[in-house]
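Taken together, the values in this text are just the output of simple stated rules run on the coordinates, not laboratory data. Please read all numbers here as calculations on a predicted model, not as lab measurements. So basically every Cβ, Gly included, is an ideal-geometry build from the backbone, and we count neighbours across all protein chains shown.
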Amino acid sequence: MDNASYQNRRGEVEHYFDRTAAQTWARLTSDAPVSGVRATVRAGRDRMRTTLLSWLPQDLRGRRVLDAGCGTGAASIELARRGADVLAIDLSPTLVGFARERLPESLGPGSIDFRSGDMLDAALGRFDHVIAMDSVIHYDAPDAVQALARLAERTSTSMVFTFAPRTALLALMFAVGRAFPRGDRSPSIVPVAPEKLRALMAAHPDLGDWQWGRSERVSSGFYTSQATEWRRT
């Protein structure tokens with residue numbers, strides 16, 4: 001996407017996850033002991049991943065799935081075990097390296113192609129389903145919707161993704177979170193009201209054949225995110 005604000009923010013996100021906090025996120029996504037703040041984030045992310053995966057078919061044999069912002073690969077492994085051919089991509093080559101190291105000996109009937117790069121790259125091809133967990137939460141709402149629209153162009157069935165819901169409680173948590181060491185914080189998250197996100201999506205000229213599906217909020221200490229299903233009609 002050529003939008004300058006998207007490109008600038010993408011660079012900030014890549015720098016954080018690949019250089020500033022790669023080891024922190026590798027530990028967070030493992031079963032190693034972590035601090036109390038990070039433990040709440042780990043628990044929330046585990047619940048969120050389970051929620052998003054539950055909205056995708058249990059039998060994914062013959063389906064191609066994009067794991068957009070795959071991190072260290074936990075969702076990709078589960079999708080492959082269901083039979084999917086997974087293209088797992090992340091901005092951070094370091095996190096993708098950790099993901100490759102964590103691959104189990106057997107993935108069952110599926111496969112995973114790990115890559116580092118931009119999830120919006122059209123050269124990645126077409127997909128049956130997309131999962132984007134906490135991948136667009138760092139972008140302003142118009143840029144996030146445009147990114148989702150770009151993914152939708154190459155997706156035949158459904159997308160499940162997350163956004164940071166704008167609530168008074170979340171605003172307070174962000175304010176409190178600024179008091180914690182920078183190493184405990186990720187790049188700035190951009191909250192958006194659910195009704196605003198729906199309106200932006202409904203008004204997008206390229207999304208007339210997509211509709212809002214299930215939605216569920218996950219809150220765990222310092223982690224709050226909203227799962228959303230988006231289906232092609």
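Which residue fluctuates the most in the chain, going by a Gaussian network model with Cα springs under 10 Å, if the choices are ALA132, ALA68, ALA122?
ALA122
Pulled fully out, how much extra length does the chain show between ASP59 and TRP212, if you take 0.36 nm times their separation in residues and subtract their Cα-Cα distance?
52.8 nm
So what's the gap between the Cα centers of segment 6-77 and segment 198-233, to the nearest angstrom?
Value for the Cα centre distance between the two parts: 18 Å.
Give me the one-decimal nm value for the distance between modelled label points at HIS15 and ASP140, 7 Å along each residue's Cα-to-Cβ direction.
So the label points at HIS15 and ASP140 sit 1.9 nm apart.
If you take every DSSP beta bridge fully contained in the chain, what fraction is antiparallel? Give it as a percent rounded to 5.
Taking every DSSP beta bridge within the chain, about 45 percent pair in antiparallel fashion.
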